[in-house]
Amino acid sequence: MVLGLLAYELTGAAWFVGLLTFAQLGPMLVLSPWGGLLADRFDRRRLLVAIACTQLVLAGALAVVTLDSTPSKLLITLLVAGNGIGAALYVPILTACIPALVGSRDIQGAVALNSVALNGSRIVGPLVGGALAALWSTSAVFALNGATFLVAVWALLTVRADFRPVGRPPTSPLADLRDGFRVASTDPVIRRVLVTIGTYSFCSLVFIYEMPLIASERLGLDEFGYTLLFATFAVGAAIGALSSGSFLVAHNRWTVSRVALALFAVGLSTLTLATHPLVAGAGAFVAGLCYFTIVTTLLTTLQLRADDSVRGRIMGLWMMAWAGLVPVGALIAGPTIDAVGLVPVLLTGAGVALVLAVSLRDPSP
């Protein structure tokens, strides 16, 4: 959240917000499959600890760089990209560990709980981060972020679970990578999930990273107002994830995804067109609610479908389609917004979500 504010304050333009978004999440597009490949070949615990320690160092360096009142935009971009590379390798490995923790019967609940934890931090994080940025400095927020990697390392070293891959593929890394793509392209369920989340991420999730512009240009909000708007979105996302792991478990996941996509289109349109903060907040809440309902139900479908021997590679493709295509969309949307305005771009994303809602079907025999 603070990174987006910093980007906007340094330039006042959407293009740099899009650039930092791409630096942060762009590596997901290229490196996530390689992270999944590592998960299928090596001890996942050791990989995760090594990556978390590297991210700690990079986050500390970012805190030092932003102590300057006019920090180097190039250096910030490079450090953010370095952390993005770590995340691109880390997240698919971590996601592949979920079945080892809970077993297949509880995967949807585990995926939902993981999403609740993520979005619970998105509720508390913007409030704490916004307060620290206002009272102290942007650098303090980045320093605190670096310290949180120590918690991740502690959790990984102390949790009791077997994170070793199921067998080590005897072929070359490139052959293993191609095998993961082959499974994804030939299995109709895996293919449909990946195409849906990829299209949705590329076209419909730009609003998350352009929310500083929505708050400033459409609603006239200051930093604290933006923090509340983002927290409202995160509350909706947490409730959506919690719902997906509780009472929605009894419902068909494809039906849940279709309904959530349609309601997401309504929420995003409301957020985009609103000129009053309360109306915009309602739209952000609905968009967040549906966003993580979609993500949780689709990821659960993917986890249940993927074989253990290729799970890491399939999770890598999931991260490429989900998180990797968001920054590409943001990179394209940034200059497009500068040229044609915010509203047409975000309404296009809402329209794509509606098309996906109409077209999504269970492709299994």
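Any read-out appearing in this document is the output of simple, stated calculations on the displayed coordinates, not a laboratory observation. These figures come from a predicted structure and were not determined experimentally. Cβ: placed from backbone, ideal geometry, glycine included. Neighbour counts: every protein chain shown.
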With DSSP loop assignment and no more than 15 other C-beta atoms within 10 Å, the trypsin sites (Lys or Arg not before Pro) in the stretch 92-166 are 160
Show me, for the stretch 46-53, the HN-Hα J-couplings you get by feeding each phi into the Karplus relation (A = 6.51, B = -1.76, C = 1.60, θ = phi - 60°), rounded to Hz, glycine and proline as x. 5, 4, 5, 5, 4, 5, 4, 5
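What does the C-alpha gyration tensor say about the overall shape of the stretch 72-198? Classify as rounded when a/c is under 1.5, otherwise prolate if a/b is larger than b/c, or oblate.
Values: a/c = 1.94, a/b = 1.63, b/c = 1.19.
It comes out prolate by the Cα gyration axes.
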Work out how much length residue 15 to residue 343 would gain on full extension: take 0.36 nm times their residue separation and subtract the Cα-Cα distance, in nm to one decimal. 116.5 nm
Each residue of the stretch 71-87 in turn: what ³J(HN,Hα) in whole Hz from Karplus with 6.51, -1.76, 1.60 and θ = phi - 60°, glycine and Pro shown as x? x, 5, 5, 5, 5, 4, 4, 5, 5, 5, 5, x, 5, x, 5, x, 5
Express in nm, to one decimal, how much length is gained between residue 148 and residue 359 on full extension, taking 0.36 nm for each residue of separation and deducting their alpha carbon distance. 71.9 nm
Can you tell me the order of 142-150, 3-11 when each peptide is scored by its average per-residue count of other Cβ atoms within 10 angstrom, highest first? 3-11, 142-150
